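> Mind looking over this structure? Questions follow.
The values are calculated or read from the model by the stated rules, or taken from the named source; none is laboratory data. Just so we're clear, the structure is a prediction, and the values are computed from it rather than from any experiment. Because the Cβ atoms are built from the backbone with ideal geometry, glycine has one as well, and the counts that use them run over all protein chains shown. Just the protein is used for accessible areas: all its heavy atoms, side chains included, with ligands, DNA and RNA removed. Shrake-Rupley method; radii C 1.70, N 1.55, O 1.52, S 1.80 Å.
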Amino acid sequence: MESPVVSDRDPAGTEAPVASGAPIAPTRRGLLHATGLLTGTLALSSALAALAPSRSWALEMKGLSSHQGAVLLAFTRHLYPHPHLEDAVYALVVKELDSKASADAATKTTLAHGVAQLDAIGSGDWLKRAKPLQEVDVVSLQGTPFFTLVRSTAVVALYNNDMAFAHFGYGGKKGNDGYLYKGFNDLKWLPNPPAAASGPIPKA
Amino acid sequence: MPDIGNKKTFSLDDAQVMVVIGSGAGGGTLAAELAKKGIDVVVLEAGKLTSRGEFLPDEWASFGQLAWLDKRTTSGSWRVARDFPNLPAWICKTVGGTSVHWAGASLRIQPHEFKARTTYGNLPGANLLDWPLTRVELDPYYTRAEDKMGVTRTHGIAGLPGNNNFKVMYAGASKLGYKECSTGHMAINSAARDGRTHCFQRGFCFQGCRFGAKWSTLYTEIPEGQATGHLELRPESQVVRIEHDKAGKVTAVLYHDAAGKLQRQKARAVAVAGNSIETPRLLLNSASAKFSDGLANTSGQVGRNYMRHTTASVYAVFDHKVEMYKGTTMAGIISDESRFDPSRGFVGGFHMETISLGLPFYAAFLNPGAWGADFARAMDGYAHTAGMWIVGEDMPRETNRITLNHDVKDQFGIPVANVHSDDHPNDLAMRDYGFERGEAVYRAAGARQTYRVPPYPSTHNLGTCRMSAKPADGVCNSFGQTHDIPNLFISDGSQFTTGAAENPTLTIVTLALRQADHIAEQMRKGAI
Ligand SMILES: Cc1cc2nc3c(=O)[nH]c(=O)nc-3n(C[C@H](O)[C@H](O)[C@H](O)COP(=O)(O)OP(=O)(O)OC[C@H]3O[C@@H](n4cnc5c(N)ncnc54)[C@H](O)[C@@H]3O)c2cc1C
Ligand code: SF4
């Protein structure tokens, strides 16, 4: 299918979004083929722990290096700053960028140039730069193809996975069978509207 | 190849069949009605046949499965052109058309709205016209349509139970003194009816109703039509041209079949129901030596007066959880503002209807292009957020129009549609007022933060082949029969003379029922 890209500012419909769930666990075979690797550990208290096969996670990349992946993850944290959202979810944005980069050379170049530019600003390693300065750098790149690519990918990938659903409180596919007999009209802090304005619950 | 369900098929050379282009709310209904009258119909639908069991409870994946993604372009000052330059409209390319995606709100157009030019006057920059139809003439057909679709609060059908999102709307509306707030008129079964079960409150109405509780031509009209043995459905059949004879009557259509092969289906008459962007595009792309400006276009009105309703959304964040996604997407309505009352600073009215988006679409539509701490904070409030959609009458303008973009071709090498729109000052005034009222509703219910959200790609697309009493003012008569070509019909929302404040589908279905009677009558008389 042709990519239904709608804008360089918004990704509605770019590519299929990232698969739901935690980044894949590393395998020996995968590691041999990967060019880059991002790893992390879910916080002990994380509500997401239940969704992941183990507390430690890893993302193998095919088109990006470990450093590029790490810079992109940090950059995305500035774009959509959710202090309590795990890196494992931001890693899904990197995963999507990596798959776009492996599929398309121009995308790979855009990402490589963007990371190189950030590293140059950060005297060799942008990750070592102070957070407030990183913030300034992100703002200053607004409007560049790199920024647009990362932002438009991130706004889809970051919020379209089961871990994000659990974090932000969206039911996602749990609603597939319907809420009618599980959690429907469970808001208790307001009164029920009168019967005339509403309607009866069908019998199970 | 899945079983398409046809009991009978017709040959390409059968010049006695009626061809209906598009299987959505308009085309699907018309085709089924004709078939039930014993008229042979071939439905050519560009999209695939997707069964209810294949629907996906996943916003982006479903969008990829059902939406019209063929290229379109945009121009004009409307914000959609900036945010979604190749996605002016959010509509479907699938058997059942956008009736697969729709939320089900089913409201009759108000009597005065059929007389927009008389009621509102001659607004500068607007191309207002009275409909060649009155509400009284349409009422019996509205009644039939509501029965067919199982619209709640009509025919003794109970309302749907209110969900969390509605509860918040109702609390605010009653505090503000609004009187017309309820779970509305929905073409969604509140109890089992017509062989279809009741709503299970999944919250995936925009992704297709896998229970079939919501009316859609996909699993109501089309199979009913097929069962008569007079309707053949051909999915993945995209029409690219309508042909005519020397006398100027249409005789056949050219379409690309599922294998991409060009086919010619002969026809006794043709009804176009491709939704208001594709319908005028097809007429314009069918230009010939005889009709050099496109078919049925001696008025020059084909493609003009494109309307999309004055829309916007208000989302509000509360101290406690709302979980707006639990249950029907459009769960309630406030209709007090739908009246005609120019003291508000605009003509026409609007409704406020609850809307909910899942987390992925909320991120995409809240403020397209936005990023940073404020945006992230709005996302953090998702579970505590309630939402409403404002839908009001927009002004028809000659310059808001569908044209052919000869620089951009689709997969068949045919010029794509360009959609041009500029808001009329009346639209802007209404949207501002609507934002203010929507925010007031939520503040009255205790909101700590409200967000004004710009229009989504257009879900209601109307007016581009409008009906008119005089041939010079529009494209078709009150039966959707084109003024120029008696055996060519417009059978979708393109017919609307003006947009009115109501969601359009009930009226599209109503007009299709009336048109079916007219076509049968004309055929009986040998006029077509
Ligand atoms: C998210 C969403 C929510 C909505 N909610 C509501 C609501 O609550 N209430 C309401 O009244 N309305 C609602 N609508 C609008 C409603 O869906 C439309 O008004 C209605 O479906 C339009 O019917 P139609 O027959 O004109 O076109 P459609 O239903 O869009 O059908 C047109 C069909 O024609 C096909 N087609 C187009 N061109 C060709 C061609 N050249 N050859 C062959 N086939 C072709 C298309 O693939 C499509 O299947 C909603 C729409 C959306 C997107
Ligand atoms: S909420 Fe009701 S109408 Fe909507 S998809 Fe679910 S079952 Fe169907």
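> Pairs of Cα atoms under 8 Å, at least six residues apart: use those to get the relative contact order of chain B, whole percent. Could the numbers behind the result be given before it?
On the way: 1327 pairs, mean separation 127.7, N = 528.
Relative contact order of chain B: 24 percent.
> Another question, then. Would you list which aspartates and glutamates come within 15 Å of residue B:290, measuring only between C-alpha atoms, while excluding same-chain residues fewer than 8 positions from it?
B:243, B:245, B:484
> In Å², rounded to the nearest 100, what is the total accessible surface buried by chains B and A against each other with a 1.4 Å probe? Mind dumping the intermediate values first?
On the way: alone 18520 and 12150 Å², together 25660 Å².
Counting both chains, the buried surface is close to 5000 Å².
> Ok, one more. Rounded, prolate or oblate: which fits the stretch B:1-145, taking a ≥ b ≥ c as square roots of the Cα gyration tensor eigenvalues, rounded meaning a/c under 1.5, else prolate when a/b beats b/c?
Working: a/c = 1.96, a/b = 1.20, b/c = 1.63.
Since a/c reaches 1.5 but b/c is at least a/b, the shape of the stretch B:1-145 is classed as oblate.
> Can you tell me which aspartates and glutamates have their Cα less than 17 Å from the Cα of residue A:108? Leave out same-chain residues fewer than eight positions away.
A:8, A:15, A:60, A:96, A:98, A:119
> What translational D, rounded to a whole number of µm²/s, comes out for the protein assembly as shown from Stokes-Einstein when the hydrodynamic radius is the Kirkwood one over Cα pairs, at 25 °C and 0.890 mPa s?
Details: Rh = 26.6 Å.
Translational D for this selection: 92 µm²/s.
> Does any residue of the stretch B:338-369 lose at least 40 Å² of accessible area with all protein chains in place compared with its chain alone, and if so which ones (probe 1.4 Å)?
Relative to the lone chain, where solvent access is computed with a 1.4 Å probe, the stretch B:338-369 loses at least 40 Å² at B:359, B:360, B:369.
> Follow-up. Calculate the spin-label point distance for residue A:49 paired with residue B:411, positioning each point 7 Å from the Cα along the beta-carbon direction, and give it in nanometres.
Going from the residue B:411 label point to the residue A:49 one covers 4.8 nm.
> Gain in length, residue B:247 to residue B:527, computed as 0.36 nm per residue apart minus the alpha-carbon separation, to one decimal in nm? Numbers along the way, then the final one.
On the way: separation 280, 0.36 × 280 = 100.80 nm, distance 1.42 nm.
Separation in residues times 0.36 nm, less the Cα-Cα distance, equals 99.4 nm.
> Another question, then. Please get the size of the charge dipole for chain B, origin at its Cα centre, with Cβ charges of +1 on Lys and Arg and -1 on Asp and Glu, quoted in debye to the nearest 20. Spell out each step's value before the answer.
Working: 56 positive and 53 negative charges, 72 e Å.
That gives a dipole near 340 debye.
> From other protein chains only, count the Cβ atoms within 10 Å of every residue's Cβ in A:70-79, then give the mean.
Mean partner-chain Cβ count within 10 Å for A:70-79: 1.
> Could you give the length gained on full extension between residue B:14 and residue B:377, defined as 0.36 nm per residue of separation minus the Cα-Cα distance, in nm? Could you put the intermediate results ahead of the total?
Numbers: separation 363, 0.36 × 363 = 130.68 nm, distance 6.17 nm.
Additional length available on full extension: 124.5 nm.
> Sticking with this one: Give me the percent of DSSP beta bridges within the protein assembly as shown that run antiparallel, rounded to the nearest 5. Before the final figure, lay out the partial values.
Working: 52 of 73 bridges.
About 70 percent, rounded to the nearest 5.
> Still on this structure: For the pairs B:167/B:326; B:115/B:148; A:173/B:326, note any where the Cα-Cα span goes beyond 19 Å.
Working: B:167/B:326 12 Å; B:115/B:148 27 Å; A:173/B:326 11 Å.
Table pairs above 19 Å Cα-Cα are B:115/B:148.
> Counting only C-alpha contacts under 8 Å and six or more residues apart, can you give the relative contact order of the stretch B:452-494 as a whole percent? List each step's numbers first, then the result.
Details: 49 pairs, mean separation 13.1, N = 43.
Relative contact order of the stretch B:452-494: 30 percent.
> Before anything else, pin down the relative contact order of the stretch A:74-148: Cα pairs under 8 Å, at least 6 apart, normalised by residue count, whole percent. Don't jump to the answer; show the numbers that get you there.
On the way: 36 pairs, mean separation 22.5, N = 75.
Over the stretch A:74-148, the number comes to 30 percent.
> Continuing with the same structure: Keeping all protein chains in place and using 1.4 angstrom, which order do B:190, A:99 fall into by accessible surface area, from largest down? Could you put the intermediate results ahead of the total?
Working: B:190 10, A:99 50 Å².
Per-residue accessible area, sorted high to low, gives A:99, B:190.
> Moving on to the next point. What do you reckon, how do B:414, B:188, A:201 stack up by accessible area (1.4 Å probe), largest on top?
Numbers: B:414 35, B:188 5, A:201 85 Å².
If we order B:414, B:188, A:201 from most to least accessible, we get A:201, B:414, B:188.
> Ok, one more. Taking the mean number of other Cβ atoms within 10 Å as a proxy for protection, how do you rank B:400-409, B:239-248 from highest to lowest? Walk me through the numbers on the way to the answer.
On the way: B:400-409: 17.7, B:239-248: 15.8.
The peptides rank, most packed first, as B:400-409, B:239-248.
> Just to check I understand the Karplus step: with θ = phi - 60° and J = 6.51 cos²θ - 1.76 cosθ + 1.60, what whole-Hz values come out for the stretch B:449-457, glycine and proline as x?
In residue order, the calculated couplings are 7, 10, 10, 8, 10, x, x, 7, x Hz.
> So, in nm, how far is label residue B:449 from label residue B:398 when the simple model puts each one 7 Å beyond its Cα toward the Cβ?
So the two model labels end up 4.7 nm from each other.
> What is the percent carbon and sulfur in the accessible area of the protein assembly as shown, measuring with a 1.4 Å probe over the protein chains and ignoring ligands?
Details: 13580 of 25660 Å².
Carbon-and-sulfur percentage of accessible area, whole number: 53.
> If you don't mind, there's one more thing I want to ask. Multiply the residue separation of residue B:147 and residue B:61 by 0.36 nm, subtract the distance between their alpha-carbon atoms, and state the gained length in nm to one decimal. Please report the intermediate quantities before stating the final value.
Values: separation 86, 0.36 × 86 = 30.96 nm, distance 3.30 nm.
Stretched out fully, the residue B:147 to residue B:61 stretch lengthens by 27.7 nm.
> Apply 1/(1 + (r/R0)^6) to the Cβ-Cβ distance of residue A:131 and residue B:428, taking R0 = 60 Å, and write down the FRET efficiency to the nearest 0.05.
Values: r = 41 Å, r/R0 = 0.69.
That gives a FRET efficiency of 0.90.
> Provide a whole-number value for the mean count of partner chain Cβ atoms within 10 Å of the Cβ atoms in peptide B:58-65.
Values: counts 6, 4, 12, 4, 0, 4, 7, 1.
If you average over the peptide's residues, the count of other-chain Cβ atoms is 5.
> Okay, moving on. If the cut-off is 23 Å between C-alpha atoms, which lysines fall inside it for residue B:525, apart from same-chain ones fewer than 8 positions away?
In chain and number order, the partners are B:36, B:37, B:246, B:249, B:266.
> Would you pull out the residues with amide H under 5 Å of residue B:312's amide H, same chain only if 5 or more places away, H placed 1.01 Å from N?
B:390
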